[in-house]
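Working notes, structure below.
The values are calculated or read from the model by the stated rules, or taken from the named source; none is laboratory data. In this text the structure is predicted, and so the values were computed from the model without any measurement. When we count neighbours, we look across all protein chains shown, and the Cβ atoms used for this are built from the backbone with ideal geometry, even at glycine. Please note that ligands, DNA and RNA were not included when accessible areas were found on the heavy atoms of the full protein model with its side chains. Shrake-Rupley method; radii C 1.70, N 1.55, O 1.52, S 1.80 Å.
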Amino acid sequence: MSCEPAVPTYILQKDGLWREGLCLILSSTRFRPHGCAIELHDFTEVPRDRAVLFVVGMGANEESICSKIRDRYPLALVVAVADESNPESLTNALDDGASAALFNSVSPDAFVSTLQAVINERLVLIDARLWSLEIQPKAEERLTPLPQNEIFWLSADEPQATKQLSSREIAILERIVRGDSNKHVARFFNIAEPTVKAHVKAILNKIGASNRTQAAIWAVNQRLFEHPYGAPNLPILVNNGTGR
């Protein structure tokens, strides 16, 4: 059993076998389930005055469940899990405020590590396989983590592209990897936001990326910067949830 403080954890899923399996996986962790249910209204004693964790199995007809949880329990953090045949439900979950979106084929160790990162670092984690399907969350500033066993790499001419980046562009790219929005980058360097946007556009063009997420993935692949959280046992994390 972990020596870290226990986190009240609630499992919401219609599949009884899925619920029981997840309870077994989490039983020896700090996320030992406090309750399992089929419908949200089945939970009657969920704390509203502190952070709790919901693990939600996303079905085809449950697009708004994450927003309902956050409306009812403002301090709750939600981890959405779905079958690989239903990736759209995960992107909808992210748009509704989920802190993580994972396919249910993720390994137990990676799943528990994700819960740890969500609780300890308030990070937004996205299964890298969502990006290989070219299904992306609508929120522009959210970035993709790179689970160690499911890394999605870009194929640009990386060494040459690295040489083409200016020192200012590399500095801005580091802030992107750390999850900063353009506004935060502008404040950090005390420059105008349009200037940041111009730099970001130049970075994307030089490294052959189409968005900030791919730029962050590329930078991590290149090992341009030290791991931002220094946690070797966790997935590579490139976004925090403080802007929510």
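Computed quantities for the displayed model
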quantity: Heavy-atom accessible area order for Arg32, Arg223, Arg19, largest first, 1.4 Å probe; calculated: Arg223, Arg32, Arg19
quantity: Mean Cβ neighbour count within 10 Å, used as a protection proxy, ranking 99-112, 36-49 highest first; calculated: 99-112, 36-49
quantity: Cα gyration tensor, segment 19-118 - rounded (a/c under 1.5), prolate or oblate; calculated: rounded
quantity: Residues Leu75 and Gln164, FRET efficiency given R0 of 30 Å [Cβ-Cβ distance, rounded to 0.05]; calculated: 0.10
quantity: Calculated FRET efficiency for the pair Glu45/Asn211, C-beta based, R₀ 41 Å, to 0.05; calculated: 0.45
quantity: Segment 18-129 - accessible surface per residue (Å², probe 1.4 Å); calculated: 42 Å²
quantity: Förster radius 41 Å - calculated FRET efficiency between Ile38 and Phe225, Cβ distance, rounded to 0.05; calculated: 0.40
quantity: Share of carbon and sulfur in the accessible heavy-atom surface of segment 46-119 [1.4 Å probe, %]; calculated: 43 percent
